[in-house]
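The values are calculated or read from the model by the stated rules, or taken from the named source; none is laboratory data. Quick caveat: nothing in here was measured; it's all calculated off a predicted structure. Counting neighbours? That spans all protein chains shown, and the Cβs are built from the backbone with ideal geometry, glycine included.
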């Protein structure tokens, strides 16, 4: 049986870097790249993948401005020796696009800075930003805000945008200068709940993430060859729930999924019981090396396991897996899978 969809979850340190690959109806291989991980991801895994990838990157999605998602993309565009022509379309909700969307004059100071690798004179500022580099690629950057309710056909892959909504975009626009250079830590100490049983963790009340950049994250549902998956970036679950309700899904009419990329590296503030009640999914992907911001939170993982008996959780780093579960957790039916054993690929 031939592979209909291949998902490569690149090791991206504490960030996200994901490639979706499929064959369209004409027999051409198509690729969607979602984020670039941290800056260190670029030389280690993103650049080697880019140079050996068969086919073009038909769509690059930069979900939001946090460095663990955009950092590797910045490094890619700083690399003057890399051929960027294989990138055919880019989604990136820049500060300038937000200005225009909310009827304001463009603030050029909002541009995402890059330092091309061949620049010696650091006083040269003209064009040294991601937006200018995207503009150098003819008609590649989609210069409109990507937001909740949009639907796009990407070479026979239907992409339905679930996040951000106008409210979360407005909040980022109002707080851009404050938020763009900070990293929000929504979790406690590193892995401070690993020794707590699932039974106890699921009793805790849910408190949603309040990180402004996370709320602006592009998150979407894909449907390709009847394979459906959620790629949630760092999105707020309340916004995803709102979108799923608009699409006609509910607790009694669940969205049947083949996989879900768990939001915000399995932070406890980004996977709510309400969201899990609206989906029917057996396979969950968690992206993080477990070395920053206390993520993953076992509380989020516990909610998933409690909600879906027999589920599989895929991790692109497995160093912390032996400490993740207690003896009592064996009463639940689930499996933890190290993606390294499959060369970071999941195939459908």
Checklist (1) out of contact with any strand residue (DSSP E or B) (no Cβ under 8 Å at 6 or more places or on another chain); (2) modelled with pLDDT of 95 or more; (3) surrounded by 21 or more Cβ atoms within 10 Å (Cβ to Cβ) applied to residue 290, failing item: (2)
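For (1) farther than 27 Å from residue 345 by Cα; (2) more than 13 Å from the chain's Cα centre (by Cα), each residue gets a yes or a no:
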| position | (1), (2) |
| --- | --- |
| 232 | no, no |
| 239 | yes, yes |
| 252 | yes, yes |
| 258 | no, yes |
Only listed residue being under 27 Å from residue 166 (Cβ atoms) and either free of Cβ contacts under 8 Å to residues at least 40 places away in the same chain or under 17 Å from the mean Cα position of the chain (by Cα) (or both), chosen from 56, 105: 105
Total residues in region 253-287, condition on the phi > 0 side of the Ramachandran plot and in contact with a strand residue (DSSP E or B) (Cβ under 6 Å, 6 or more places away or on another chain): 1
Among (1) in contact with a helix residue (DSSP H, G or I) (Cβ under 9 Å, 6 or more places away or on another chain); (2) over 16 Å from residue 240 (Cβ atoms); (3) part of a loop (DSSP other than H, G, I, E, B); (4) at pLDDT 95 or above, the one test that residue 305 misses: (3)
Residue tally, condition over 17 Å from residue 88 (Cβ atoms) and surrounded by fewer than 22 Cβ atoms within 10 Å (Cβ to Cβ), over region 19-39: 3
Residues satisfying the stated conditions in region 325-348, i.e. part of a loop (DSSP other than H, G, I, E, B) and in contact with a strand residue (DSSP E or B) (Cβ under 7 Å, 6 or more places away or on another chain): 344, 348
